[in-house]
Amino acid sequence: MSGSTFGHLFTVTNFGESHGPAIGCVIDGCPPGMELSEADIQPELDRRRPGTSRHVTQRNEPDAVEILSGVYEGRTTGAPICLLIRNTDQRSKDYGNILDTFRPGHADYTYWRKYGLRDPRGGGRSSARLTAPMVGAGAVARKWLKEQYGTSFRGCMVQLGDTRIAHEGWEHVGNNPFFAANVSQIEALEAQMDALRKAGDSVGARIRVEAQNVPVGLGDPLFDKLDADIAYALMGINAVKGVEIGAGFGAVAQRGSEHGDELTPQGFASNNAGGVLGGVSTGQDLVAEIAIKPTSSIRLPKNSINRAGEPTVVETFGRHDPCVGIRATPIAEAMLALVLMDHALRHRAQCGDVRHELPPIPGQR
């Protein structure tokens, strides 16, 4: 099965299945000499892991990460770094009723048609559980980017189902189970999720992710544009059905006099471009939003077919998130970090000697 490796110079190869003995990744291309331990990675995995609130799947996985290679005496050696996360709370029996049927909205049918067989336990390779190793790899990238450029990442939920969430301050994101930059709507969001779980249904979500203190010049022309690679990475997250950079689809209703970000000696006057012009970073904040579809695993019966092509009805049991978007913020941050890490190394390799007499605009690196 191809398609499990991400990146060019900083590569991440993802392995494992939802109900296998372990999941993990191999990171290749990490520069040597950076201090690294499990303690640098675990906090990000803890933000993403299941069972953290009543609003997400109650699968009780500690997601404890182990570094198996690539680190000696607390520092990266330049060799491949293998991260391992053991699965400890599988309940494969929950999927016994879908061995011969296809869950609507899932990869069951397409995987079976493509490969001739499939692992029905939790979705196998198609499971969102496989995002955990990417969050681990993203933590390594985040640390290097922070040390080299001061780059930082943040994200929040901006919409849950049909409810728009007001942005009341980034300081609120870590204080609620929704990663919402909000305090006044949390009680209502919890009531919405409780009603949804009781009904056996699900909703989607909209997530905003940002990178700050981004170096100018990351990205390459035509097919390796920075925003193209960001969209590619974010679309690779399970259940994502749309990506916006900067103003995104809102740019359709803007006029050129409004959309073009004017330059001043003090910096850019706006950021409709989302921090990217011509596929190259401007030094402004990188801003993207993703649309996540409703969870496909729901208790309500839905029409489907079995492997003989006969009509049937599918009901999904087991432990599932009524909204997979609730835990998506750390994943989106990680994928954005992996893109920037890869492009930072590529930029350093080709353009590390480029110098300018004109100093950068204030606030840029």
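The values are calculated or read from the model by the stated rules, or taken from the named source; none is laboratory data. Note that this is a predicted model, so its numbers are computed, not measured. Here Cβ is always computed from backbone atoms with ideal geometry, including for glycine, and neighbour counts include all displayed protein chains.
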Worksheet item: LEU160 fails exactly one of the following numbered conditions: (1) touching a strand residue (DSSP E or B) at 6+ places or on another chain (Cβ under 9 Å); (2) surrounded by fewer than 14 Cβ atoms within 10 Å (Cβ to Cβ). What is the number of that condition?
Response: (2)
Item to complete: For ARG118, state whether it is over 22 Å from ALA205 (Cα atoms), out of contact with any Ser or Thr (no Cβ under 6 Å at 6 or more places or on another chain), among the basic types (Lys, Arg) and modelled with pLDDT of 90 or more.
Response: no
Worksheet entry | Close pairs (9 angstrom Cβ cut-off, 6 or more residues apart or separate chains): of a type in the set (S, T, N, Q) in region 340-360, modelled with pLDDT of 90 or more anywhere | GLN350/ASP220
Worksheet item: Are there any pairs, at least 6 apart or on different chains, whose C-beta atoms fall under 6 Å, with the first in region 268-285 and among the acidic types (Asp, Glu) and the second surrounded by fewer than 17 Cβ atoms within 10 Å (Cβ to Cβ) and assigned to a strand (DSSP E or B), and if so, which?
Response: ASP285/GLN212
Discussion item. Tell me whether region 248-256 contains one or more residues that are of a type in the set (Lys, Arg), outside any helix (DSSP H, G or I) and free of Cβ contacts under 8 Å to residues at least 40 places away in the same chain.
Written reply: yes
Discussion item. Checking the structure you have, find out if any residue of region 163-172 is in contact with a helix residue (DSSP H, G or I) (Cβ under 6 Å, 6 or more places away or on another chain), surrounded by fewer than 21 Cβ atoms within 10 Å (Cβ to Cβ) and of a type outside the set (Phe, Trp, Tyr).
Written reply: no
Worksheet entry | Among residues of region 12-41, those that are free of Cβ contacts under 8 Å to residues at least 40 places away in the same chain and crowded, with 17+ Cβ neighbours inside 10 Å, counted | 1
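Being over 24 Å from ILE326 (Cα atoms) and touching a residue at least 40 places away in the same chain (Cβ under 8 Å), is that true of even one residue in region 43-63?
There is no residue in region 43-63 that is over 24 Å from ILE326 (Cα atoms) and touching a residue at least 40 places away in the same chain (Cβ under 8 Å).
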Worksheet entry | Any hit, region 298-314, residues being small (Gly, Ala, Ser), without any contact (Cβ under 8 Å) to a residue 24 or more places away in the chain and either closer than 25 Å to ALA205 by Cα or surrounded by 12 or more Cβ atoms within 10 Å (Cβ to Cβ) (or both) | no
Item to complete: Could you tell me whether ASP220 is surrounded by fewer than 21 Cβ atoms within 10 Å (Cβ to Cβ), acidic (Asp, Glu) and either within 20 Å of the chain's Cα centre (by Cα) or within 18 Å of PHE153 (Cβ to Cβ) (or both)?
Response: no
Item to complete: Go through region 324-343 and give me each residue that's under 14 Å from GLY219 (Cβ atoms) and charged (D, E, K, R).
Response: ASP342
Response to the item:
Quick count over region 70-101, residues being part of a loop (DSSP other than H, G, I, E, B), modelled with pLDDT under 90 and not acidic (Asp, Glu), is 4
Worksheet entry | region 262-281, subset buried (at least 19 other Cβ atoms within 10 Å of the Cβ) and not aliphatic (A, V, I, L, M), residue farthest from MET335 (Cα to Cα) | PHE268
Worksheet entry | Odd one out for TYR149 among (1) crowded, with 21+ Cβ neighbours inside 10 Å; (2) touching a Pro at 6+ places or on another chain (Cβ under 8 Å) | (1)
Worksheet item: Conditions: (1) touching a residue at least 12 places away in the same chain (Cβ under 8 Å); (2) assigned to a helix (DSSP H, G or I); (3) of a type outside the set (A, V, I, L, M). HIS320 meets all but one. Number of the miss?
Response: (2)
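Among the residues of region 116-152, write down those that are closer than 20 Å to THR101 by Cβ, assigned to a loop (DSSP other than H, G, I, E, B) and of a type outside the set (D, E, K, R).
GLY116, LEU117, PRO120, SER127
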